[in-house]
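Trainee: Quick one: the structure is below, and I'll ask about it shortly.
The values are calculated or read from the model by the stated rules, or taken from the named source; none is laboratory data. What you see is a predicted model; the values in this text were computed from it and never measured. Positions of Cβ are generated from backbone atoms using ideal geometry, with glycine treated the same way; all protein chains shown enter the neighbour counts.
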Amino acid sequence: MEALADHTIVFTGLKDGQHQFDWVLGQDFFDAAHEEEFHGGQVRVDLTLDKSAVLLVANLHVSGTVNTTCDHCAAALDLPVEGKQRQIFQLHGDPDQDDEELVVLDPKAHSINLTHYIYECLRLALPARHVHAPGQCDPEVDAALGKLRVEHEPVPDPRWDALNQLKQQRP
Ligand SMILES: [Zn+2]
């Protein structure tokens, strides 16, 4: 997802040591994510940033709820979410050694943006299947799904219907 200005941290002005940041992901964030499956949410992000002469270690923690749709009954579903992720940035490294675990920053960089990592942390914390707790699905939809299954039983071929009608019309 695109970087949001809110999640930019200018690290050049920070002293070595631990720094705390927090954000609340609301409608703006979920709109910017352009994911049809997420309608919104309220997720708190806590970041502990450890700065040293050579590294920035970002420990992210997300917790809250994400508004989505139930895979079973298609009704609104508020999914609780809680997860952690660590991302390490190297300040003066070899850019060729850049990998998923360790991001090597441009020597001229003075800020990092965390939108991508926050989003990744959130995605990884969500279950693959989004369903209500047992018995919590929309009862009307549940009943309709049951009815649908019954109605899906073999339907007579309409041509036979027409033939039957013809037969019935005979004297
Ligand atoms: Zn459901």
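Trainee: Mind checking which pairs have a first residue in region 31-58 that is without any contact (Cβ under 8 Å) to a residue 24 or more places away in the chain and of a type in the set (S, T, N, Q) and a second that is part of a strand (DSSP E or B) and buried (at least 20 other Cβ atoms within 10 Å of the Cβ), Cβ under 9 Å, 6 or more apart or different chains?
Mentor: Gln42/Leu25; Gln42/Val66
Trainee: What about Asp71, is it acidic (Asp, Glu), at pLDDT 75 or above and in contact with a Lys or Arg (Cβ under 7 Å, 6 or more places away or on another chain)? Quick ask: steps written out before the conclusion?
Mentor: Values: acidic (Asp, Glu): yes; at pLDDT 75 or above: yes; in contact with a Lys or Arg (Cβ under 7 Å, 6 or more places away or on another chain): yes.
Yes: the conditions hold for Asp71.
Trainee: Assuming Thr68 fulfils every condition listed in (1) touching a Phe, Trp or Tyr at 6+ places or on another chain (Cβ under 8 Å); (2) loosely packed, with under 13 Cβ neighbours inside 10 Å apart from one, which condition is it?
Mentor: Status for Thr68: all satisfied but (2).
Trainee: Just checking, which of Val141, Val131 is within 16 Å of the ligand (Cβ to nearest atom), over 30 Å from Leu56 (Cα atoms), hydrophobic (A, V, I, L, M, F, W, C) and modelled with pLDDT of 90 or more? Before the answer, list the steps.
Mentor: On the way: Val141 fails: modelled with pLDDT of 90 or more.
Testing whether each residue is within 16 Å of the ligand (Cβ to nearest atom), over 30 Å from Leu56 (Cα atoms), hydrophobic (A, V, I, L, M, F, W, C) and modelled with pLDDT of 90 or more leaves just Val131.
Trainee: Counting only residues that are touching a strand residue (DSSP E or B) at 6+ places or on another chain (Cβ under 6 Å) and of a type in the set (A, V, I, L, M, F, W, C), how many does region 39-54 have?
Mentor: Narrowing region 39-54 to residues touching a strand residue (DSSP E or B) at 6+ places or on another chain (Cβ under 6 Å): 39-50.
Applying the additional criterion that residues be of a type in the set (A, V, I, L, M, F, W, C) yields 43, 45, 47, 49.
Counting residues in region 39-54 that are touching a strand residue (DSSP E or B) at 6+ places or on another chain (Cβ under 6 Å) and of a type in the set (A, V, I, L, M, F, W, C) gives 4.
Trainee: Could I ask something else about it? Within region 2-23, does at least one residue satisfy the condition of being at pLDDT 95 or above, in a strand (DSSP E or B) and in contact with a Gly (Cβ under 9 Å, 6 or more places away or on another chain)?
Mentor: no
Trainee: It is to be established whether one or more residues within region 75-96 are of a type in the set (A, V, I, L, M, F, W, C), surrounded by 15 or more Cβ atoms within 10 Å (Cβ to Cβ) and in contact with a Pro (Cβ under 7 Å, 6 or more places away or on another chain). Explain how you work it out, then say what you get.
Mentor: Just the residues of region 75-96 that are of a type in the set (A, V, I, L, M, F, W, C), to begin with: 75-77, 79, 81, 88-89, 91.
This time we only want the ones that are surrounded by 15 or more Cβ atoms within 10 Å (Cβ to Cβ), so: 75, 77, 79, 81, 89, 91.
So of that shortlist, the ones also in contact with a Pro (Cβ under 7 Å, 6 or more places away or on another chain) come out as none.
No, the conditions are met nowhere in region 75-96.
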